[in-house]
Every structure is written in structure tokens, then in C-alpha cells.
Ligand code: SF4
Ligand code: SF4
């Protein structure tokens, strides 16, 4: 098996059998309110949410992250995944429409999730390998219901991502991707349930993570810069960035945090 075949066989199931796009490959696509298939893509689909998706949608809907997770998401259990994923819950009605779509289109358009921005592209990250940075694999969804791929506008992966303001979101979530594809997982290692819970809280339930940081002994146990502490009090984004940093310490024992000397006791957990 060649390297590229190996990577392809490791892609998540929904991406297999799709046309792969390399850097300079082009595809045609356009999506406008007048198109005959308008909003048909917003039903009965698996939309994985990133930490920033959850945060932005919760804030847009004026909900706490916990309320948003309970109301609008589900966590499928699959034994192939080493970390839990959060998916947008479709409505219970027969057509399984997304709760945010109506005849005018996406009701959360400015804060729509990463997957919705990327469509008709999909991206998979092959599992981490020793000494290699994981390289994303891009595929094109050519779904029959979507007429957008019959339009004339031509894109590359990069130009489409630029058009959808994806690069800035990905830059913000680099720390998250580094956790998900961390070399610690090479060889199929599994985190224990307590660490999986930490991952879920810190990445997706930011309001609970805020209480964990500010209403526990956390700040007594770790040495943190004063201006960072102040920033985290008022900025969700700063707190989420910090969550990614703390997780590297808590999950993989990386030295991203400094434990206060007074807090160091034998056998103490992060
Ligand atoms: S063109 Fe495709 S992405 Fe756009 S509304 Fe139609 S089905 Fe959805
Ligand atoms: S979030 Fe918006 S774009 Fe994404 S499926 Fe729902 S309505 Fe469609």
C-alpha cells in the first residue's frame, strides 16, 4: 500500500470513496438563495462541532455552554475514537432538519460551524504517526441533491477556505488540533475516563471550565501570569486558548503549566 493509499484508508467512513483534492486541484461550486436545492443540505447530516463552534453558537443563542450542549448536541459513542466528539443534533421531525434553518437559510449564518463553512469540502486528519505532523486530506462531497457543484465558479481548497473565513478559525484552534492528533495516542493508547471528562469540559463546556479555574483551588496550584488571569476573566477566547494549553499538561503531562512549589505534593494529580 502506498503512503497516500494508507492515509486514505485511515479516513473517517463518511470521507471514504470521495474525490480527493490536492493543493492545486480545482472544483466548481456556488451556493445562492435562489438555487433550486437551497437548504436541502441542512437536514439529516452529521455536523461535528469544534470547541469554537460550540462557544460561538452558545453565545449567539444567549445560552451557557452547558445549556447549548444539552439542547443542541449529541455525543455519539464510537469505539474507534480516542476522544469524544460533539455533533449538532438535528430535529426529531421526520425530515431531521437542522434546528437553525428556515426558508431564509441558516439562522446562525455568521456563526455557522466549521463543517458548514467547509461544505462541499470535507477534511480528515490521519492518525498521528511517530515523527510526522499529520497532513490533512481534503475530499469533495458530490452529493446528488446539491446543485452547487454544477455551477461555474472555480475554487481550490485554499481559495474556498479563504472565502469562508476558515483559516482564522483554524489558526485559533491549532491548540485543539494538536491535542486531537497528539503523538501520545500513537499505538492506540487510551485516556482514562477522568481525563476524557477533563477534555470534554475544557474544550466544549467553557462556562464549567471557567468555574473550575476561578472557583476552585486551581489558581493556588498553578503559577500563571497576572495579565493572563485578568484576560481569562473577561474573554471567552482567551480562556479557551488557555484550556488547550492546560489540557496538554493534564492529559499528556507536558510542561505547559508551572505548579506552585507549595502545591507540589507527592502523588498529587493535575
Ligand atoms: S447548493 Fe449545495 S450547499 Fe448550497 S444550498 Fe444547495 S445543497 Fe446546500
Ligand atoms: S448550522 Fe446553518 S448551515 Fe449548518 S446545517 Fe444548520 S442551518 Fe445549515
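The values are calculated or read from the model by the stated rules, or taken from the named source; none is laboratory data. This structure is a prediction, so every number in the text was calculated from the model and none was measured. Quick reminder, even Gly has a Cβ in these numbers, built from the backbone with ideal geometry, and neighbours come from all protein chains shown.
Quick one: how many residues across region 146-164 are within 23 Å of residue 240 (Cβ to Cβ) and assigned to a strand (DSSP E or B)? Residues in region 146-164 being within 23 Å of residue 240 (Cβ to Cβ) and assigned to a strand (DSSP E or B): 0 in total.
Pull up region 110-146, narrow it to residues that are loosely packed, with under 13 Cβ neighbours inside 10 Å and within 16 Å of ligand 2 (Cβ to nearest atom), then point me to the one that is farthest from residue 38 (Cα to Cα). Top of the filtered list is 110. Mind checking which residues of region 165-205 are surrounded by fewer than 17 Cβ atoms within 10 Å (Cβ to Cβ), at pLDDT 95 or above and not in a helix (DSSP H, G or I)? Hit for region 165-205 is 165, nothing else.
For region 240-262, a residue qualifies if it is outside any helix (DSSP H, G or I) and either surrounded by 16 or more Cβ atoms within 10 Å (Cβ to Cβ) or touching a residue at least 12 places away in the same chain (Cβ under 8 Å) (or both), and the qualifying residues are 253, 257, 258, 259, 260.
Being modelled with pLDDT of 95 or more, surrounded by fewer than 16 Cβ atoms within 10 Å (Cβ to Cβ), within 21 Å of the chain's Cα centre (by Cα) and outside the structural domain of residue 137 (by TED's automatic domain parsing): is that true of residue 237 here?
Spelling it out, residue 237 is indeed modelled with pLDDT of 95 or more, surrounded by fewer than 16 Cβ atoms within 10 Å (Cβ to Cβ), within 21 Å of the chain's Cα centre (by Cα) and outside the structural domain of residue 137 (by TED's automatic domain parsing).
Is region 160-179 home to any residue that is touching a strand residue (DSSP E or B) at 6+ places or on another chain (Cβ under 7 Å) and more than 30 Å from residue 120 (Cα to Cα)? The answer is no, given that none of the residues of region 160-179 is touching a strand residue (DSSP E or B) at 6+ places or on another chain (Cβ under 7 Å) and more than 30 Å from residue 120 (Cα to Cα).
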